[in-house]
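Asks: Quick one: the structure is below, questions incoming.
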C-alpha cells in the first residue's frame with residue numbers, strides 16, 4: 001500500500017470518529033486524566049496524529065501555550081513514533097535519550113518522561129497515542145504499560161460506539 | 001505569554017508548504033482544488049501572498065467540513081496557531 005493511500009485512509013478514519021464533539025471531548029479528557037493517574041505523571045494526553053500536526057484531542061494537566069494551541073507540529077511529536085511503529089513507547093529520560101534529546105519539547109518545554117501506547121481502531125488504523133508525560137526522569141513498570149494498553153483498547157471501543165461517529169460511504 | 005521564537009524555532013506556514021502537506025494526502029491536484037475552494041469560501045484568493053492569518057482562516061473553514069478536509073484543517077490550524085503564538089504571543 002502506498003504511503004499516500006495509507007495516510008488518506010488513516011486520516012479518513014480519524015475524520016469519521018468525529019472526535020471534536022462535546023461527548024467525545026468529555027470522554028477523551030477523562031481518558032487523559034486516567035492515563036495521568038495510572039502512570040502517576042502530571043500530564044495525560046490523547047494525541048491524535050494528523051498529517052502535519054498532533055492534536056491534543058483530550059488533555060489533563062497541560063498548561064501554557066501548548067494547552068492554548070492544543071497541539072504541536074508533527075515533527076515535535078513523541079506520539080508520532082507510536083503511530084509509525086504501532087507499539088508502546090517508553091522514554092524514561094528524554095534528555096539522555098539520543099532519539100529525543102534534541103526534541104524542542106525536551107529542550108524548551110522540559111519534557112523528560114514519556115509513556116505512550118497506540119490508539120488502534122477496529123479497522124487497524126493507529127490514530128494516535130494515549131500517553132502520560134512528566135518533567136522528571138523516572139522508571140516505568142511493565143504492569144503500568146500493560147494497564148495503559150488496556151485503557152487504550154477500552155477507550156477505542158467507547159469512541160467507536162459514540163453516536164456522533166460518521167458512517168463511511170464506502 | 002510573550003513570543004520566544006528566538007529560543008524556540010518554528011517554521012512559518014506558507015501556501016507552498018500547505019499545498020505540499022495537503023498534496024501528500026490528497027494528491028496535488030485535489031489539494032489545490034480543496035484549498036482554492038476554501039479560500040473562496042472565506043473571501044480569499046489562493047496565491048503566494050496569503051499570510052499566516054489568512055491560512056488560519058482557511059484552516060478554520062476546512063475544520064468544519066466533512067471528511068478529510070476537516071482533519072487537514074485541524075492540522076493546519078495547529079501549525080498556524082503554533083507559529084502565531086511563538087512569534088507574536090497569545091492575543
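Coordinate-derived values only; no laboratory data. Bear in mind the structure is a predicted one, so any value in this text is a computation, not a measurement. Here Cβ is always computed from backbone atoms with ideal geometry, including for glycine, and neighbour counts include all displayed protein chains.
Asks: Using Cα atoms only, what is the angle between the long axis of helix B:68-88 and the major principal axis of chain B, expressed in degrees (0 to 90) to the nearest 10?
Replies: 20 degrees
Asks: What is the distance, in nm, between label points placed 7 Å from the Cα along the Cα-to-Cβ direction at residue A:37 and at residue B:28?
Replies: That separation, rounded to one decimal, is 5.2 nm.
Asks: Still on this structure: With each run of n ≥ 4 DSSP H residues scored as -39500 (n - 2.57), what mean residue ellipticity at 222 nm is computed for chain A after dividing by its residue count and rounding to the nearest 500 deg cm²/dmol?
Replies: On the way: 6 runs with 68 residues, N = 170.
For chain A, the value works out to -12000 deg cm²/dmol.
Asks: Give me the angle, in degrees from 0 to 90, between the Cα long axis of helix A:3-16 and the longest principal axis of the Cα atoms of chain A, rounded to the nearest 10.
Replies: 80 degrees
Asks: Report the FRET efficiency, 1/(1 + (r/R0)^6), for residue A:95 and residue A:75, where r is their Cβ-Cβ distance and R0 is 22 Å, rounded to 0.05. Working shown, then result.
Replies: Details: r = 19 Å, r/R0 = 0.85.
Efficiency at R0 = 22 Å is approximately 0.70.
Asks: Let me ask you something else. For an R0 of 30 angstrom, estimate the FRET efficiency from the Cβ-Cβ distance between residue A:63 and residue B:14 and round to the nearest 0.05. Could you put the intermediate results ahead of the total?
Replies: Working: r = 30 Å, r/R0 = 1.00.
Step by step, r from the Cβ atoms, then E = 0.50.
Asks: Same structure, new question: Using a simple spin-label model with points 7 Å from Cα along the Cα→Cβ vector, what separation in nm is obtained for residue A:123 and residue A:87?
Replies: Between residue A:123 and residue A:87, the simple spin-label model gives 2.6 nm.
Asks: If you take the beta carbon distance between residue A:139 and residue A:109 as r and set R0 to 25 Å, what does 1/(1 + (r/R0)^6) give as a FRET efficiency, to the nearest 0.05? Working shown, then result.
Replies: Details: r = 22 Å, r/R0 = 0.87.
Efficiency, rounded to the nearest 0.05: 0.70.
Asks: If you line up the long axis of helix A:142-160 against the longest principal axis of chain A, both from Cα atoms, how many degrees apart are they, to the nearest 10?
Replies: Once rounded, the angle reads 30 degrees.
Asks: Okay, next question. If you count, for every residue in A:62-70, the Cβ atoms of partner chains within 10 Å of its Cβ, what is the mean?
Replies: Values: counts 0, 0, 3, 10, 2, 0, 4, 11, 5.
Rounded to a whole number, the mean comes out at 4.
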